[in-house]
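Here's the structure, in structure tokens; my notes come after.
The values are calculated or read from the model by the stated rules, or taken from the named source; none is laboratory data. If you're wondering where the values come from, they're calculated on a predicted model, not measured in any experiment. Virtual Cβ from ideal backbone geometry, glycine too; neighbours counted across all protein chains shown. Accessible surface is based on the protein model in full, side chains and every heavy atom, while ligands, DNA and RNA are left aside. Shrake-Rupley method; radii C 1.70, N 1.55, O 1.52, S 1.80 Å.
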Amino acid sequence: MQRKLNQLNRRSVCSIFLRQKMKARSRARCMSIVTLYLLLSNTAVKSASEFDPYKVLGVAKSSSQAEIKKVYKQLAKEWHPDKNKNPEAEDMFIRITKSYEVLSSEEKRANYDRYGQTDENQQYSQPQQGYHHFHNGFYFDESFFHFPFNNKGSRDNADSKYVLHYNQYVNDVVPDSFRRPYLIKITSDWCFTCIHIEPVWKETVQELEALGVGIGVVDVGYERRLANHLGAHRTPSILGLINGKVTFFHYAVVKEHLKQFVEDLLPQRLVEKVTDRNYLEFLNSWHEQNKPHVLLFDQVPVVPLLFKLTAFANKDYLEFGYVDQGLSETANLLRQFNINTYAPTMLVFKENTDKPADIIQAKGMKKQIIDEFITNNKFLLAPRLVNQKLFDELCPMKQFHRRRKYCVLLITGEEESFTVGNKAFLSLASSNTKEVLRFTYVYQRQQQSMCEALLKSRDSSPPQVVILERRNAAGKVLYKPLMSGWNGSEEDKRKLLEELEVLQKDPSVLNYDAMLPELNNELASMFLIQWIYTAYDYLSQIGDDLLHNNWREMMPLLSLIFSALFILFGTVIIQAFSDSGEEKQMKPKAKEATKTENGSPGAASTSSSRPPKKNFVEVTELTDITYTSNLVKLRPGHINVVLVLTDASKNILLSKFAKEVYSFTGSLTLHFSFLNVDKHSEWMDALLEAAPEALRADGDEDEDEASHRMDYTGYVLALNGHKKYLCLFRPVYTGEDLDVKSSEEEGGRSRSGSREEQHPRKAVPRSRSTSTLQIHHKLDRLGLWMERLMEGTLPRYYIPAWPSLEKITTNK
């Protein structure tokens, strides 16, 4: 029994010893873990406490904001990772950015000056919220033991409603960018810097979205196609989108910079500064611009971003002006309109520039209040219809009975004689309080098609008043004109009001119908000015991209510019070489023709039988086989330009003809042929006999035609087969490159070139080269004649029928 007790005691002592030993080991392990944790914490806190923004930027604590900003820009350009290849450049750039973020904010700067703490340092004293760990040049808003990457938790909760897809971007975001700018962030899951800019991004988005700026987030891991479409090849990237144009953000990710970036995206001419000097000019332009005018009174010297965004969203409907209440040049305006200087005030003016049509005043003027105010005052009391878009908004189509809309349309003119009637119509529109009626007017000279469709059954002279209702999108309307016309008298007003009262009770009084064409766009003349403004914006963007050396994003635009320059200069160079080659080819042909005339008949026949080189235009021969298709049954509106030549002059004239008509080959209604007069001289005689006035147009050759047979070489006919008329080109010899010496020796013989052409066998042998050059110059004026043909200014000679081309004249 005693032995058993001793054994139990030994076992209990051993077990107690083992337990104590295990506890000691566990305590040692815990102490080592705690020691490691404290060491790491102290290291992180020490590294954060050593962060001095003044030392990083190299500025004194008494430096002003302008000095700090200037130094920051210099350091940012020097240490930007894209420019500086130093391995520490990225780390230094982040320190510079963070330092400027602290010192550019008066609140953060004061907090650092008093307590030596930044936002990151404050969080070190709150372990439950984690601390910022600086590792490899990036900051993290996570605890040390929590791995933040590829964790879609916190980040997706804030960005999920802004995530963009390719189809959504193309179909929704791009069209909407013509009404408001967009701020888009390019991010990915494994992005260190993306986590660093996340707090600033969230704060900026919350403020800009309330002002009406569109927000978007593109995850490269899921929307690589959209990222490539935007030209974003690295993360993080921030870009702006306005009017379908993408602009990249190149500065430090600070809220003030992002807000300024969005403001810079907007056009510069959105809001006009208004003072006592120019306010009358600004308000009185309502008639020319056909828009209401909005004035904002506030005490800040710069136009608020909210007002600029509102002006951009409604730029097609209203004109916006801004009055700085702190200027002495606006004192008369404040007294005239009784403006309260303690709160922002917004006035809208329509046709009456002495009294505002509507007014709002509030200290905290929110976007919803402004949007409602603008929507209620979007149009003038009696706007002019200047395009189809405005017509669709003012006079919408009928959808169902409760939404009937009637337009009271005044058809008038711009002259002073219509002023009385126009003012009476405006007075009647000002007193209108019924939402179903909309008063508008058009100028008959600007919208002739619409006015003719509405006044086709009566006297179409303005002014006239028409009550109409649109029925469908094709242009069908039901309408009723005011029978007595419109002179603006009290009797005319009374009749119109009676018609409107009857209409609201019985819509069937609109007993006329018509199909209205689409309205002319009277604002199309402003396209050039808008194009100039757009070009200026694009040039500004190019300069900004070049300033930041953003070559990868600039490559598509640079490629387009260099391609256009290459095509332009390449075309000029090729054309220059082709012209010089053509001149060289023409000289050997002239010499070859001269040798042929001086040589044997066999050589002449061989030379003339060679096919001409058709380097410029395709010319077909007019024979009895092609006669019907190329002339008799030619399609309406098409013209066949026919060159008359002989076997001897075939090569010379065809080459010259191709050169003269080459620039007109782009027309699909012109065809080019040649007629060999050696084979079909009788056809030419029959054609000109059917149109004798064509030869009588030039009376100098009547006597010559009576004594000699006509030489048709070099004549050109423009034949319209469908309408049976012709235009005639008669060769005019210029002799510009004849040798001066030969002309002196020939004397008067050169002046009788036409006779020598008609009787080449009687000419002396020495004049054969001269005759060849004269044949070449027969078509010198053909280019001018072709221009008149295309303009339709040539005389036309009609014939009853085309002569047949069956007989072939035998060579004598």
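Between residue 423 and residue 268, the modelled labels are 4.1 nm apart [label points 7 Å from Cα along Cα→Cβ]. Length gained on full extension, residue 452 to residue 388, computed as 0.36 nm times the residue gap minus the Cα-Cα distance: 21.4 nm. Annotation: amide H of residue 358 within the under-5 Å range of 348, sequence separation 5 or more or interchain, hydrogens built in the peptide plane.
Extending 7 Å from the Cα toward the beta-carbon at both residue 562 and residue 363 defines two label points whose distance is 6.1 nm.
Between residue 343 and residue 472, the FRET efficiency estimated from the beta carbon spacing at R0 = 35 angstrom works out to 0.15.
Accessible surface ranking for 312, 566, 93, 1.4 angstrom probe, highest first: 566, 93, 312.
Within the full protein context, the accessible area of residue 287 is estimated at about 80 Å² for a probe radius of 1.4 Å. Note on residue 791/residue 502: beta-carbon distance plugged into 1/(1 + (r/R0)^6) with R0 of 56 Å gives a FRET efficiency of 0.50. What does the charge count near residue 67 come to, summing +1 for each Lys or Arg and -1 for each Asp or Glu among other residues with Cβ under 12 Å from its Cβ? Taking every other residue near residue 67 into account, the sum is +4. Other residues within the sphere of radius under 10 Å centred on the Cβ of residue 344, judged by their own Cβ, net out at 0 (K and R +1, D and E -1). Each Lys or Arg adds one and each Asp or Glu takes one away; over the other residues whose Cβ falls under 10 Å from the Cβ of residue 467, this sums to -1.
Find how much the distance from residue 88 to residue 62 grows on full extension, using 0.36 nm per residue of separation minus their present alpha carbon separation; answer in nm with one decimal.
6.5 nm
Ligands, DNA and RNA left out, the 1.4 Å accessible surface of the range 454-503 is 50% carbon and sulfur atoms.
Rounded to the nearest 0.05, the FRET efficiency derived from the C-beta distance between residue 277 and residue 780 at R0 = 60 Å is 0.40. In order along the range 433-444, the Karplus-derived 3J(HN,Hα) couplings, from 6.51 cos²θ - 1.76 cosθ + 1.60 at θ = phi - 60°, round to 10, 9, 6, 7, 10, 9, 9, 9, 8, 9, 8, 4 Hz, and Gly and Pro are given as x. For residue 673, the residues 5 or more places off, or on other chains, whose built amide H falls under 5 Å of its own are 620, 641, 642, 643. Under 5 Å from the amide H of residue 519 lie the amide H atoms of 388, each residue being 5 or more positions distant or on a separate chain, with H modelled from the backbone and absent for Pro and chain starts. Accessible surface calculations at 1.4 Å, restricted to protein heavy atoms, place the range 304-350 at 38 Å² per residue.
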